[in-house]
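See below for the structure under consideration.
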Amino acid sequence: MTMWSLTYLLHNIRIRPNALHQARVAAVIQNKTLGQWLEGAIMEKVEREQKHSEEVQK
């Protein structure tokens, strides 16, 4: 099963227009869809937060 095998349609998300524009530009530069880019950005943030949380608990 690939990462893109299970996808869900997100109907509504509130985001500042400038942030959305920056995400679109980054996605185009990386030759990705906006959804692919956003998913990657979210996963990177989650991993950073988890790593930070683990470091704080040490």
(request) In Å³ and rounded to a whole number, note down the convex hull volume per residue for the Cα atoms of region 17-57. (result) 67
(message) Going by average Cβ density within 10 Å per residue, which order do the peptides 28-37, 47-56 take, highest to lowest?
(response) 28-37, 47-56
(request) Could you pull out every one of the lysines with an alpha carbon less than 25 Å from that of Lys32, ignoring same-chain neighbours closer than 8 positions? (result) Lys45
(request) Taking 7 Å along the Cα-to-C-beta vector as the label spot, tell me the Lys32-Lys58 distance in nanometres, rounded to one decimal. (result) 2.8
(message) Starting from the 7 Å offset along Cα-to-Cβ, what nm value, one decimal, do you get for the label separation of Glu44 and Ala23?
(response) 1.3
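Coordinate-derived values only; no laboratory data. Remember, predicted model here, so these are calculated numbers, not experimental data. Counting neighbours? That spans all protein chains shown, and the Cβs are built from the backbone with ideal geometry, glycine included.
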